[in-house]
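In what follows, a structure is listed as structure tokens, so that the remarks can point back to it.
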Amino acid sequence: MRYVEDIANLGMPDAEEAGGKGANMGEMVAAGLPVPPGFVVLRDSYLESMKAGGVADELNAAHRQALLAALDTSRFDAMCATMRDLVLKAGIPDDVRERILVAYRAMGPDCYVAVRSSATGEDGADASFAGMNETYTNVRGEDDLIEAVQNCWGSLFGPRVVSYRASRGFTADPAMAVVVQLMIASERSGVAFTADPTTDATDRVVVEGAFGQGEVVVSGSVEPDTYVVAKDTGEILSRRMGFKSFKIIRGDDGKDKRVDLDESQAEAQVLNDDEVRLIAEIAVRSE
């Protein structure tokens, strides 16, 4: 079975095994775009681990019950906690664990990585699980990596995820791939949209940025700077400076560290015009 695959070897035909995130990363590598190196712990790793751990049938049965009980808050959270506990109880069999660790060792000695959930078989035109499953940053060392992979799997059964699945009428047994990429200790980060998420206009790129690591933008915990760029000319059509009250960086202990920003720092512009245009150009190439 394919338990692990280098991102560079993946593409959209692998979406069922690598999830949308993992498959699209492979497409971006093939297109020559700047993508941090890494690998994907494929869906079969999750399925084999649940089977080898003897919890697959119990877990799937519990999930079906939880879908029916999604509106019963008195029982629902406890049911989700039980399912996450089953995932952790299953562990990871030796052959799967060794494939993961061999891929990690090939990236360099005890390097920092981001460990990111990649939904399989559920994301699509009618549903998106973006931001619902877990991401772990600044993960270093073999034991911490294995723990982060298991926690990503466990997030398949978070209350928000299961209730969303129930609301969309999804009844299939869920599974997950996990993307492991070299961690960038970013000074500034954010997201770029190749269509305006507010107006649906497709002739512009919207860039959002903040200081430190990107989870402050993705989670909505700070107000990012927002830049709107015309796709055809690269002209910056508008700028709005947000109030970035704090940033997250890698601390001296290697873990995520929150740093509060004073008013002048919080109101400072994240990107200059040349950087905004460069990010917009990369976004258009990606599109």
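Every read-out reported here was derived from the displayed coordinates using simple, explicitly stated rules and does not represent laboratory data. Model, not experiment: these values are computed from the prediction. Neighbour counts are summed over all protein chains in view; Cβ atoms, including those assigned to glycine, are modelled from backbone coordinates with ideal geometry.
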Kindly provide log₁₀ I(q)/I(0) values, in the same order as q = 0.08, 0.10, 0.12 Å⁻¹, from the Debye equation applied to equal alpha-carbon scatterers of the chain. -0.38, -0.59, -0.85
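Among 85-95, 154-164, how do they line up by average Cβ neighbours within 10 Å per residue, starting with the highest?
Numbers: 85-95: 16.7, 154-164: 20.1.
Per-residue mean Cβ counts within 10 Å order the peptides as 154-164, 85-95.
At a 10 angstrom cut-off on C-beta neighbours, averaged per residue, how do the peptides 185-191, 20-26 rank from highest to lowest?
Put in order of decreasing packing, that is 20-26, 185-191.
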Linear extension gain, Arg105 paired with Asp72, 0.36 nm per residue minus alpha-carbon span: 7.4 nm
How long are the three semi-axes of the equivalent ellipsoid of segment 157-236, in whole Å, if each is the root of 5 times an eigenvalue of the C-alpha gyration tensor, listed from largest down? 30, 20, 13
³J(HN,Hα) computed for each position of segment 183-189 - Karplus, 6.51 cos²θ - 1.76 cosθ + 1.60, integer Hz, glycine/proline x: 7, 8, 7, 6, 7, 9, 7
Run the numbers for Ser238 and Gln265: contour at 0.36 nm per residue of separation, minus the present Cα-Cα distance, in nm. 7.6 nm
Lys/Arg Cβ at +1, Asp/Glu Cβ at -1, dipole of the chain taken about the Cα centre: which of Tyr136, Ala177, Leu68 is farthest positive-ward? Leu68
Would you mind putting 236-247, 261-272 in packing order, based on average other-beta-carbon counts within 10 Å, highest first? 236-247, 261-272
How large is ³J(HN,Hα) for each residue in segment 100-109, as worked out from phi by the Karplus curve 6.51 cos²θ - 1.76 cosθ + 1.60 (θ = phi - 60°), to whole Hz, x for Gly and Pro? 5, 6, 4, 5, 5, 4, 5, 7, x, x
Value of relative contact order over the chain, rounded to a whole percent, pairs C-alpha under 8 Å and six or more apart: 17 percent
Sparse-neighbourhood loop hits (trypsin sites (Lys or Arg not before Pro), segment 251-287; DSSP loop; Cβ within 10 Å at most 13 others) -> Lys255
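Can you run the Rg to Rh ratio on segment 14-102? Use alpha carbon positions and the Kirkwood inverse-distance Rh.
1.10
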Two-decimal Rg/Rh of segment 165-287 from alpha-carbon positions, Kirkwood Rh? 1.04
Under 17 Å from a label point 7 Å along Cα→Cβ of Ala30: give me every residue in segment 1-21 with its amide N that close. 5-21
Rh (Kirkwood, all Cα-Cα pairs) for segment 79-208, Å, reads 16.7 Å
Using θ = phi - 60° and the Karplus form 6.51 cos²θ - 1.76 cosθ + 1.60, what ³J(HN,Hα) does each residue of segment 38-47 get, whole Hz, x for Gly and Pro? x, 8, 10, 7, 6, 4, 4, 5, 5, 4
Charge dipole magnitude, Cβ of K and R +1, D and E -1 - segment 1-79, Cα centre, debye nearest 20: 140 debye
